[in-house]
1. Could you quote the convex hull projected area for region 2-151, Cα atoms only and averaged over all directions, in nm²?
2. How long are the semi-axes of the equivalent ellipsoid of region 161-369, defined as square roots of 5 times the Cα gyration tensor eigenvalues? Whole Å, largest first.
3. Could you please state, rounded to a whole Å, how far the C-alpha centre of region 57-100 is from the C-alpha centre of region 275-289?
4. Based on Cβ point charges of +1 for Lys and Arg and -1 for Asp and Glu, what charge dipole magnitude is obtained for region 2-151 about its Cα centre, in debye rounded to the nearest 20?
5. Hey, could you get me the Stokes-Einstein D for region 163-273, Kirkwood radius over alpha-carbon pairs, 25 °C and 0.890 mPa s, rounded to whole µm² s⁻¹?
6. Counting pairs of alpha carbon atoms under 8 Å apart in space and at least six apart in sequence, what relative contact order in percent does region 161-369 give?
7. In percent, how large is the relative contact order of region 2-151, given Cα pairs closer than 8 Å and 6 or more residues apart?
8. Tell me, what HN-Hα J-couplings in whole Hz come from the Karplus equation 6.51 cos²θ - 1.76 cosθ + 1.60 at θ = phi - 60° for each residue of region 134-147, using x for Gly and Pro?
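Just so it is clear, none of the values below were taken in a lab; they were calculated from the coordinates. Everything quoted here is computed from the prediction, not taken from an experiment. Please note: Cβ atoms are built from the backbone with ideal geometry, for glycine as well, and neighbour counts cover all protein chains shown.
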Amino acid sequence: MKELLRCLKPLKNRIHFKYLITVVLSCITAAFCIDALIMLYSKFRYVYGVLNIASVIPVLILAVGLIIWQFMRPTDYRTAKTADSLGFKERFVTAYEVFNKKEPSQMEMLAADDAIRCARSADFKKIYRIKPNKKLLIAPCAAFVLFIAILLLPIEPSAEMQEQQELHEMLDKTVEKMQNEVEVSNLTKKQKKEINKELKGLKKELSKAQNKQQAANTVMQGQTKLKKIVENSENEQLKAIGTKLAENESTQNLGELLKNGNAEEFTEALNELNNSLSDLSEDEIKEFGRAFKDAAQSSELDKDAKQLLNELGETMQNELTDEQLAEVSQNLGGLSDKVNELAKQNNDVREAVEMLNDELADTGEELSGSGKEGMTAAKGEASGDVSDSSASDSHGTEPGKGSIPNANIYTSSAKGYADYEAELNQNGNGEKNGETVKNKVDGEYGEVLPYTDVYDVYKQEAMNGIDREDIPYGVKDIVKDYFSSLE
């Protein structure tokens, strides 16, 4: 059997190759037909990236066809039957059946041997020609012509389709511009990869927008996601080091500084420690070393940071000769440089995200239809009302455009509301059937304070608030400009 199959293998390969031609031609025909339908649909309804879709579909269908073709290899029996159809009068099928018998007769074995001799001498390349069906050759050509005809079909797109196309072209250019800016920035590969991932996701989400309002909402969501990159950036390593150092009493102050993101103050404190090494006892220095070595065990640290902390910890726990103290000092300087590097990386990504979010804010303004003029008007309204009231109350005294010279500041337990009677609706449905509760409170009358005494407090509270909350960057600008107008 093995000898027969070996002799028939060239024919088996040619049959399999013929299947390949059939599969490829069928896939191309199907792909162009589907592309034609999609292109026809896009003439009446906007389809984002229709040409890209049309170019991907043939590749996908062809890939699927090739996978299917791998499982279409002809069986041994099918190969023998095809060989017999080439003029060998059932020699090979008979031999195949003989070899599958447990105890074939002598006559049957002679017939099988004859089939093997014929297979050896047969020129299957000559007698089995690979010619595809004519219909299979015509079909892909016809499908391609149909696709081109529909592509060039002179149908004027509606105003809504034109608006959607212009919208997505503008959005794509914006995202591509942002991606280019990220690529030429000084960010690390990890930071670029993370930001580009968000930008690709933003582009994908924007492609689903049907109108400017949906696009504007998606842009705002994109701003929020980019802002989270800053929160989850390289500062994780600084916080990890700080958390570990804060667990040791000797380095608790250093650890708290890093945990709170005060990298500059940390490096200053580290330099002070470096300068005061000679004043510390050997036990104190070793305790510092133990804390630094423990900090190196944090899983969030990269290889360089772990190595620096390990070397510093081991050096501080060794016998402290003058040479060792010099090495400790050098390692402390290296740790300081590493912290500054991580802090700079975090600052770089923050600046990059701020720049990208500013561009998204401009895009959001354009989508909302307000533009720069709308933003200016909004800022004017935010400060104009206060300015008018200040003009009437202060009679020309204005530390700023919208300032009020004096402000009445009341405590939460205002004395003017003593003996206040409040009704509590127990069932919460709005009906006045609850119990009446009377409360008396002692309080203080508000004080009249100069404007300059309250402005800084209010401004700081507002700035802290917009940094903590997920507020669109365009709105942040309004708040910042409002308080600037009051100065």
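1. Approximately 11.0 nm², given one-decimal rounding.
2. Numbers: eigenvalues 456, 36, 31 Å².
After diagonalising the Cα gyration tensor, the semi-axes are 48, 13, 12 Å.
3. The distance from the Cα centre of region 57-100 to that of region 275-289 comes to 83 Å.
4. Details: 23 positive and 11 negative charges, 63 e Å.
Dipole size: approximately 300 debye.
5. Working: Rh = 16.6 Å.
Answer from the Stokes-Einstein relation: 148 µm²/s.
6. With pairs under 8 Å counted, the relative contact order is 25 percent.
7. Values: 138 pairs, mean separation 65.0, N = 150.
For region 2-151, the relative contact order is 43 percent.
8. 4, 5, 5, 6, 6, 4, x, 5, 5, 5, 5, 4, 4, 4
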